[in-house]
Amino acid sequence: MIAALPMYDWPEIAAATDGLWALIRRHLEQSGIEAPARLNREADPWAIWQDPALLLAQTCGMPYRTKLHGGVALVGTPDYGLTGLSPGHYCSEIVARREETGSFPDFRDRILAYNDPISQSGWAAVQNLAADGGFAFTRLLMTGAHRASAEAVAKGDADLAAIDAVTWRLISAHRPEVAKRLRVICRTEPTPALPLITAITRDPAPLAAAVRAAIVELPKTDRKALGLAGLVSIPAKAYLAVRNPDAPQPEAAGHRN
């Protein structure tokens with residue numbers, strides 16, 4: 001049996017994440033469902049998401065709709081209380097260096113830093129926004145993480161990045177030296193936030209109930225640290241309706257000049 005909450009598991013909020021899991025586990029065990037004592041922080045997320053022994057994990061919308069859908073069950077979508085967005089939805093903050101002028105279309109020929117080609121917030125959201133404007137980013141730098149994308153823009157290795165709004169909130173709180181060198185030039189369209197999933201063979205209902213109860217019982221300091229406001233139910237079709245942009249071309253990834 002395996003459980004993991006890898007998507008926002010920053011060291012600075014690890015204690016709050018562990019506290020959340022402890023409460024979820026307690027509620028599961030009260031319902032007669034065995035749960036691991038600790039979250040798995042060692043295994044590759046893809047291995048966790050596809051493990052038949054998966055009890056609970058968080059994934060991203062693009063992996064869910066492109067590869068995981070049909071092989072896992074949706075448990076629910078955490079609501080991060082993001083300003084101006086419907087419960088359970090998020091967006092990407094498009095950031096550039098603070099001294100850079102111009103609006104989003106002015107960056108069409110500049111270098112885009114992105115965390116992963118299967119990331120909704122770091123890749124799909126920004127390329128879909130560009131497509132709506134009739135262009136695509138072709139000068140690219142893959143960084144492996146939203147934090148690294150923000151740092152690449154701040155240092156001048158890239159000119160633009162799409163940062164998950166929850167991660168941007170974490171960067172602003174825990175990496176202020178990076179955030180102060182950047183400015184948000186626009187937001188992408190909202191999409192369903194990062195879902196909680198379980199193995200396809202499990203009933204997701206008691207898991208959802210345990211998560212809801214745990215969020216309510218979280219100490220206010222931990223709830224604030226995690227940015228959690230609740231858990232909502234968003235149907236699979238809402239995730240599957242989001243567009244998938246073309247994958248980055250191999251010759252473009254890593255381009256720095």
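The values are calculated or read from the model by the stated rules, or taken from the named source; none is laboratory data. Since the structure is predicted, the reported quantities are computational estimates derived from the model, not experimental observations. Don't worry about glycine lacking a Cβ; one is built from the backbone with ideal geometry, like all the others, and counts go over all protein chains shown. Each accessible area value is taken on the protein alone, full model and side chains, heavy atoms only, with ligands, DNA and RNA left out. Shrake-Rupley method; radii C 1.70, N 1.55, O 1.52, S 1.80 Å.
Brief remarks on what is shown
- Normalised by residue count, segment 48-138 yields a Cα convex hull volume of 137 Å³ per residue.
- Per-selection Rg to Rh, the chain - Cα, Kirkwood hydrodynamic radius: 0.97
- Loop trypsin sites (Lys or Arg not before Pro), segment 166-207, which have at most 11 other Cβ atoms in a 10 Å radius of their Cβ (DSSP): Lys180
- Remark: segment 142-149, residue by residue, has Karplus-estimated 3J(HN,Hα) of 7, 10, x, 6, 4, 4, 5, 5 Hz, where x stands for each Gly or Pro and the curve is 6.51 cos²θ - 1.76 cosθ + 1.60 at θ = phi - 60°.
- Label point 7 Å beyond Cα of Ala47 along Cβ direction - residues of segment 1-24 with amide nitrogen under 17 Å: 1-7
- Per residue, the chain exposes an accessible area of 45 Å² to a 1.4 Å probe, with every protein chain left in place.
- Estimated FRET transfer efficiency when R0 is 22 angstrom, pair Phe135-Asp157 (beta carbons, to 0.05): 0.50
- Loop-located trypsin sites (Lys or Arg not before Pro) across segment 26-95 with a Cβ neighbour count of 14 or fewer within 10 Å are Arg38, Arg41, with loop assigned by DSSP.
- Principal-axis analysis of the Cα atoms of the chain puts helix 204-217 at an angle of about 80° to the longest axis.
- Partner lysines for Lys155 [C-alpha distance under 30 Å; skip if fewer than 8 residues away on the same chain]: Lys180, Lys224
- Its DSSP H runs of at least 4 residues, each contributing -39,500 (n - 2.57), put the calculated 222 nm mean residue ellipticity of the chain at -8500 deg cm²/dmol, to the nearest 500.
- Segment 119-194-segment 28-50 distance, computed between alpha-carbon centres (Å): 30
- Accessible-area composition of the chain, carbon plus sulfur, in percent [1.4 Å probe]: 51
- Reach of Lys237 by Cα under 21 Å, taken over lysines that are not fewer than 8 positions away in the same chain: Lys67
- Three-way shape call for segment 15-84 based on the alpha-carbon gyration tensor, with the a/c threshold at 1.5: oblate
- The chymotrypsin sites (Phe, Trp or Tyr not before Pro) of segment 75-143 that meet both conditions, a loop assignment by DSSP and at most 16 other Cβ atoms within 10 Å of the site Cβ, are Phe135.
- Surrounding net charge for Ala236, when Lys and Arg each add one and Asp and Glu each subtract one, Cβ distance under 14 Å: +3
- Amide H contacts under 5 Å for Leu140, placed H, 5+ residues apart: Leu112, Gly254, His255
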